[in-house]
1. Pick from the stretch 109-123 the residues that are touching a residue at least 60 places away in the same chain (Cβ under 8 Å) and either over 27 Å from residue 86 (Cα atoms) or in a helix (DSSP H, G or I) (or both): which of them is nearest to the chain's Cα centre (by Cα)?
2. Hey, any hits in the stretch 16-38 for a residue that's within 21 Å of residue 282 (Cβ to Cβ), surrounded by fewer than 23 Cβ atoms within 10 Å (Cβ to Cβ) and touching a residue at least 12 places away in the same chain (Cβ under 8 Å)?
3. What about residue 47, is it buried (at least 18 other Cβ atoms within 10 Å of the Cβ) and in contact with a strand residue (DSSP E or B) (Cβ under 7 Å, 6 or more places away or on another chain)?
4. Given the conditions (1) in a helix (DSSP H, G or I); (2) within 30 Å of residue 317 (Cα to Cα); (3) touching a helix residue (DSSP H, G or I) at 6+ places or on another chain (Cβ under 8 Å), which single one is not true for residue 88?
5. Would it be correct to say that residue 248 is crowded, with 18+ Cβ neighbours inside 10 Å, closer than 24 Å to residue 158 by Cα and modelled with pLDDT under 95?
6. If you take the residues in the stretch 247-272 that are in a helix (DSSP H, G or I) and touching a helix residue (DSSP H, G or I) at 6+ places or on another chain (Cβ under 7 Å), which one is nearest to residue 64 (Cα to Cα)?
7. Mind checking which residues of the stretch 259-290 are surrounded by fewer than 19 Cβ atoms within 10 Å (Cβ to Cβ) and under 15 Å from residue 317 (Cβ atoms)?
8. Tell me, yes or no, whether the stretch 147-159 has at least one residue that is under 18 Å from residue 90 (Cβ atoms) and either in a helix (DSSP H, G or I) or in contact (Cβ under 8 Å) with a residue 12 or more places away in the chain (or both).
């Protein structure tokens, strides 16, 4: 395999070397990008878009990043907070009256962002097509009763997070989450990142494939097999289309707005957004968030055993934070770093202390739920280069 293409500041040659080694030994196709103090210092890509290795990964190749999408979804909510249109301590029902059903009238918005609402899953089985129907999913969540007393515990809202936060954004703004993101974040910054991908862009999408690495997903599979109707199973496999093999290659998946999981984009775009957050909330003259908003994103909200993932996790408001007790949950060495990994290996985050935004995307899916060893090697190389 040939080495990576793109640009790399000489001070970050170690990142290029690590990425080149990954492309040679472990990747199918991937991209990595870094911004420091608002300036791009790494923008590399390489490998192939397909399992058969016939289509080279290009500069504008898009790939599904699963839960790395959650960071961009959360950014939309924080923009509303910055504008005074959303109060994180107000009941969700203030903005979404139907949400008050089943004893949820007092759940505050911050519980949605910090995975404390107890709505990580829907109990009643849904048909496969429900995954792509915003009204069906938000209606089911509005009627659902919490799985635990809200606020007493936290558990990863793997898929439901996007509809919960996204519906609040929609009720306030009058725009779908994907449209709000495009208008408020992607278009002003020129980001090639999409929550609801246009059909014309399908040709640019890399095909996801499996590689034999990681172990986090095995824990989830074991929990599902042990209790098919339980919290973990319903969190990941209701609707069942979310785990159907090949679903991420379908037009239905790419075109829907599933703001917890189906963002498509480049490492360059994710690093640009997080680079703004790492630069006090502003980049290229555009203010994405206030400095107070950036601090709010990474303010610790949930820490300890995750009732869904079964391991310790640590969340801010919509973002994962480094979890010292869990090596697989590491996001850099600095305590204020925040971002989000995606199932299979992608990750993007910012480090306000280092003034840095980082992103890694790939199409070789491993079994990690949190930070993959491939991403960790690149993250280590970035910090060694700063």
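The values are calculated or read from the model by the stated rules, or taken from the named source; none is laboratory data. What you are looking at is a predicted structure, and each value in this text was computed from that prediction instead of being measured. Every residue, glycine as well, gets a Cβ built from its backbone with ideal geometry; the counts of neighbours run over all protein chains shown.
1. Keep residues of the stretch 109-123 that are touching a residue at least 60 places away in the same chain (Cβ under 8 Å), which gives 110, 113-116, 120-123.
Among the residues that remain, those that are also either over 27 Å from residue 86 (Cα atoms) or in a helix (DSSP H, G or I) (or both) are: 110, 113, 123.
Working: 110: 18, 113: 12, 123: 24 Å.
Going through the qualifying residues, I end up with 113.
2. Our first condition is that a residue be within 21 Å of residue 282 (Cβ to Cβ); within the stretch 16-38, this holds for 33-38.
Keeping just the survivors that are surrounded by fewer than 23 Cβ atoms within 10 Å (Cβ to Cβ) gives 37-38.
Pick out the ones that are also touching a residue at least 12 places away in the same chain (Cβ under 8 Å) and you get 37-38.
Scanning the stretch 16-38, I find at least one residue that is within 21 Å of residue 282 (Cβ to Cβ), surrounded by fewer than 23 Cβ atoms within 10 Å (Cβ to Cβ) and touching a residue at least 12 places away in the same chain (Cβ under 8 Å), so the answer is yes.
3. On the way: buried (at least 18 other Cβ atoms within 10 Å of the Cβ): yes; in contact with a strand residue (DSSP E or B) (Cβ under 7 Å, 6 or more places away or on another chain): yes.
Yes.
4. Looking at each condition in turn, residue 88 falls short on (1).
5. Details: crowded, with 18+ Cβ neighbours inside 10 Å: yes; closer than 24 Å to residue 158 by Cα: yes; modelled with pLDDT under 95: yes.
So residue 248 passes the test.
6. Filtering the stretch 247-272 down to residues in a helix (DSSP H, G or I) leaves 247-249, 251-255, 267-272.
Checking the rest, the ones that are also touching a helix residue (DSSP H, G or I) at 6+ places or on another chain (Cβ under 7 Å) come to 247, 251-255, 272.
Values: 247: 11, 251: 12, 252: 13, 253: 10, 254: 8, 255: 12, 272: 17 Å.
The qualifying residue nearest to residue 64 (Cα to Cα) is 254.
7. Selection gives 290 alone.
8. To start, the set of residues in the stretch 147-159 that are under 18 Å from residue 90 (Cβ atoms) comprises 150-151.
Narrowing further to those that are either in a helix (DSSP H, G or I) or in contact (Cβ under 8 Å) with a residue 12 or more places away in the chain (or both): 150-151.
Looking through the stretch 147-159, at least one residue is under 18 Å from residue 90 (Cβ atoms) and either in a helix (DSSP H, G or I) or in contact (Cβ under 8 Å) with a residue 12 or more places away in the chain (or both).
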